[in-house]
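Every number here is computed from the coordinates shown, using simple stated rules; none is lab data. All values reported here derive from a predicted model rather than from experimental measurement. Positions of Cβ are backbone-derived with ideal geometry, glycine not excepted, and every protein chain shown enters the neighbour counts.
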Amino acid sequence: AGIGKCVALDMARRNARTILACRNRERGQAAVEEIRAATGNPAVLLRLLDTSSLASVRAFAQAVLQEEKRLDVLVNNAGLTGLPFTITPEGLEKTFATNYLGPFLLTNLLLG
């Protein structure tokens, strides 16, 4: 939804292979189908990613590096606010992990 979906739609309109990295499979798949229908670009893909989980970030990055020949653009757009204080299973504060640590790790893992 929001900025991320608009960016993905624009990239797909430019005929780019576009990977939507989403926490929720159902909402992500709905966005993929909507973007494919709006652009006619079949190369819009869904991959699951929860940036609050460093294990999820590592798995996502490993899969992208194995599946893709190259990565031209990375848009880090995940973000949370207003949540009650929560600690992730990895012992991190969830908002900080989601908004900062996860995207930082993802970027560094994909730099190549």
- Message: Nothing charged except the Cβ atoms of Lys and Arg (+1) and of Asp and Glu (-1): what's the magnitude of the dipole of the chain about its Cα centre? Round to the nearest 20 debye.
- Response: 240 debye
- Item | Formal net charge of residues neighbouring Ser52 (Cβ-Cβ distance under 10 Å; K, R +1; D, E -1) | -1
- What length, rounded to one decimal in nm, is gained on full extension from Cys6 through to Arg25, with 0.36 nm per residue of separation minus their alpha-carbon distance? 5.0 nm
- Message: Tell me which trypsin sites (Lys or Arg not before Pro) from region 1-95 have a DSSP coil assignment and no more than 11 other beta carbons within 10 Å of their own.
- Response: Arg14, Lys69, Arg70
- Query: Using a Gaussian network for the chain with springs between C-alpha atoms less than 10 Å apart, which of these wobbles most: Gly91, Gly28, Gly79?
  - Reply: Gly91
- Note on the structure: In a Gaussian network model of the chain with springs linking alpha carbons closer than 10 Å, the residue among Leu48, Leu80, Leu20 that fluctuates most is Leu80
- Message: Tell me which chymotrypsin sites (Phe, Trp or Tyr not before Pro) from region 40-112 have a DSSP coil assignment and no more than 13 other beta carbons within 10 Å of their own.
- Response: Phe85
- Where Lys and Arg each count +1 and Asp and Glu each count -1, what net charge lies around Cys22 among other residues with Cβ under 11 Å from its Cβ? +3
- Query: Label Gln62 and Leu109 with points 7 Å out from Cα along Cα→Cβ: what is the distance between them in nm?
  - Reply: 0.8 nm
